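First the structure, in the form of structure tokens, and then the observations on it.
Just so it is clear, none of the values below were taken in a lab; they were calculated from the coordinates. Owing to the predicted nature of the structure, the values given are computational and were not obtained by experimental measurement. Reconstructed Cβ throughout: ideal geometry from the backbone, glycine too, with neighbour counts over all protein chains shown.
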Amino acid sequence: MRAFISDIAYLLRTKWSFRLAIVYLALLTGLVLLLPLLPLPFSPNELNLQHAFQKPFTNPTYILGTDQLGRDVLSNLLWGARNGLFIAVPVMLLSAVLGTAVGAVAGYFGNSKWKLTYAQVLLILVTIPIVCYYLIHLPMQVVLYSLPGKVAGMAIVAGLALSAILWLIIKPLLNNLMRLRQTIAIPVDGIALRLIELLTSIPRLILLISVAAFAGPSLWLLSVILICTFWTGTARLARAEMLRIVQLPYIEAAISTGMKHRRVILKEALPNLLTPVIVAFVFGVASLLAVESTLSFLGIGLPATHASWGRTISSIRLNLSAWWLVALPGGFLALTVLALQTCSYHLIRLSQQK
Amino acid sequence: MLQQPAIKRLLVAIPVIWFMVSAIFLLSRLLPGTYGETQLLSPEAGFYGKSLQTDRTAAYQQLLQRTGQDLPLFYISIAPLSEVHTATTFSYLVPDLEWHGTRNQYHHWAAALLTGHLGVSFTNSQPVSALIADAAGNTFLILLVSMVLTSVLAFYAGIAMVQDTGKKWRKPMLALLVLLDSIPLFVLCLLLLLLLANPDAWQLFPVFGLGLNLHDTQSNWVTQASYMVLPVACLVLANLPYLTNQVYTSLTGTLQAGYIKTARAKGLPHAKVVTRHALRNALLPVITTLSDMLPALFAGSVVIETIFAIPGVGRLLVSSVLSRDFPVIIGIVIVVALIKMVSHIVADVAYSAADPRIRARTA
């Protein structure tokens, strides 16, 4: 962590483009966080049909003009930035955590290092359907049919009780059987690679569009789909880095001192994964911003009640001479993407030079 | 010998695609909101709103029966929780599994798929394969032209940048590419559209519809081509930065090699060193990039066809998404996944054909 901060400080001192990008991003973050407190004259969804398609810089009340429903472009730009970043950053954070976890475990254990006894494998295979039924399926049914909450509570208690019985009572009994105490290696790496291959077998935008179609525009569903498709990039990167790190002598030294695998991964290996993961994170936020506004432009991203750069841009279809509806949000979007890409570019260059 | 790794990859890839497509099929039927539900069942004023509730329910049931959506989804199902179940006993804690045999939606769909039928569109009752085949020609033409143009331009720019004479272009060129890379495709399309095909600015090119609806007297290949300029330019500009960067990095990496020093030491001019010696080796990693580009180009064609109103596969996808026409969506997903798989395998074969070292290892 300390090395990473000193890297940033070094880049800030020497690279003017990096400094510019960081300043821009810091200003944008501040603006987005403080937006509800700012005294904007209009809310992004406030209609004014008398003043549709106002040109920018002519009307002092609508500084950046209005769209086809008379919504103020300035407040739509700012709220669009807020909505875009409020989706992109948490989604990418979760996908980066998920991707790093999967990639690091896959790279560290490979196909032969993680061993489980037959009893454990058996119990895991039994526990998964129990968890799915009692802890996921039944509560979801309760929500779907609005049944009394007591049912969901009973289901969760039953699920936890069954798992507890399996792991606390049945497992010691199974361990007494000679044959079930033998161990087999779990091909973690192979499983992770197959999973990534599965999710990338269809181009991401096509997958996003088709899955978004099934449930209609919804903020939560969009976030879940984005997380499911974006973690693979980080996972691949983290796995490749981990494969390299595991070969290094200091990991061998750590293991030879008797450290547990979990501690080796968390304390020794993960700090070295930091830079590539952060690069992937910054890059991912940029591409998420672009994907979100593309989907909103096509009408299958955010619900139409949410301000978004894509929503503002899509009103150009009704009036091709309203250039400001494309140029202003498009420029804002491109500038943000450019700043993020500049940051990740300099970080990559620095880590390559070392 | 050459085909062996290709066949192996095919055998691995087919189950992966089958699993993914099945997951998408099941997901499309599991999530709430079937086709026609909102139109037929909603009590608000609409085309069907005036008729009686019972009539509308009957019409909805008929639609479900016609499209096969009244059958159970999968071979096994868990009976849904109902009030009767939960009021008194704890019987809901035991899963109520039900076996449906082969009379289920998934089985019918999968059986049809295996015999080559992609199903029938919900909206206009045409076979999905015919809809896709109609649209594929336009998409294919645009993708092919832009792929060739992008590759030619990327190689040209990459070679020019590593030449001694191109040194002064290198920095502004790379900066321009970074700038171009940060503009999302749909913004780029709209900007070009507003600048070059707009009565308010310059009206240089005709757009919208690829000139397919012109009368016979007007329609010849020159007018057709002028309709294609803007869409193709957008796709090329959007994919150029990445490919050029790949070519450039690959070339500069190759130029560090020992045999390049030998070539220079024997007095070859720099331009010849690049084209004769470096380019061949630099080509190798670019082959993989080219095959990765196809899905990106296809995703781009979704945006382009929507904006420029081109009747292609991407536009078909967006319109069927907006009308929730699941068979068409799933059909397009299958076709795209197959194309992606084939392009990967072709890239593998091309890679081993281009590099004798790989051929020797796999043989």
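Sorted fewest first by neighbouring Cβ atoms within 10 angstrom, B:Asp200, A:Asp72, A:Asp189 come out as B:Asp200, A:Asp189, A:Asp72.
For segment A:115-185, the relative contact order comes to 57 percent (Cα pairs under 8 Å, sequence separation of at least 6). Dipole magnitude for chain A: about 1000 debye, using +1 per Lys or Arg Cβ and -1 per Asp or Glu Cβ, origin at the Cα centre. A simple count of charges around A:Leu347, restricted to other residues whose Cβ falls under 12 Å of its Cβ and scoring Lys, Arg +1 and Asp, Glu -1, yields +2.
Counted by Cβ distance under 14 Å from B:Ile76, the other residues give a net charge of -1, where Lys and Arg count +1 and Asp and Glu count -1.
Under the simplified labelling scheme, the B:Arg103-B:Gln256 pair shows an inter-label distance of 6.9 nm, with each label point 7 Å from Cα along Cα→Cβ. Summing charges over all other residues whose Cβ lies under 10 Å from the Cβ of B:Tyr242, with Lys and Arg as +1 and Asp and Glu as -1, gives -2. For B:Arg357 and A:Lys171, the FRET efficiency from 1/(1 + (r/R0)^6), where r spans their Cβ atoms and R0 equals 56 Å, is about 0.65. By the count of neighbouring beta-carbon atoms within 10 Å, fewest first, B:Asp164, B:Asp134 end up ordered B:Asp164, B:Asp134. For segment B:106-204, chymotrypsin sites (Phe, Trp or Tyr not before Pro) meeting the loop criterion (DSSP other than H, G, I, E, B) and having at most 11 other Cβ atoms within 10 Å: B:Trp202. In this simple spin-label model, placing a label point 7 Å from the Cα along the Cα-to-Cβ direction at both B:Ala112 and A:Leu125 gives a separation of 3.5 nm. Once the chain from A:Leu116 to A:Ser223 is taken as fully extended at 0.36 nm per residue, the excess over their C-alpha distance is 35.1 nm. Placing a label point 7 Å from the Cα of A:Met259 along the Cα-to-Cβ line, the residues of segment A:1-39 whose backbone N sits under 17 Å from it are A:1-3. Tell me, what is the FRET efficiency for A:Asn48 and B:Lys8 to the nearest 0.05, using R0 = 56 angstrom and their Cβ-Cβ distance as r? According to the calculation, E is roughly 0.30. How far apart, in nanometres, would the label points at B:Leu179 and A:Ser146 be if each is projected 7 angstrom from Cα along the Cα-to-Cβ direction? Between B:Leu179 and A:Ser146, the simple spin-label model gives 5.7 nm.
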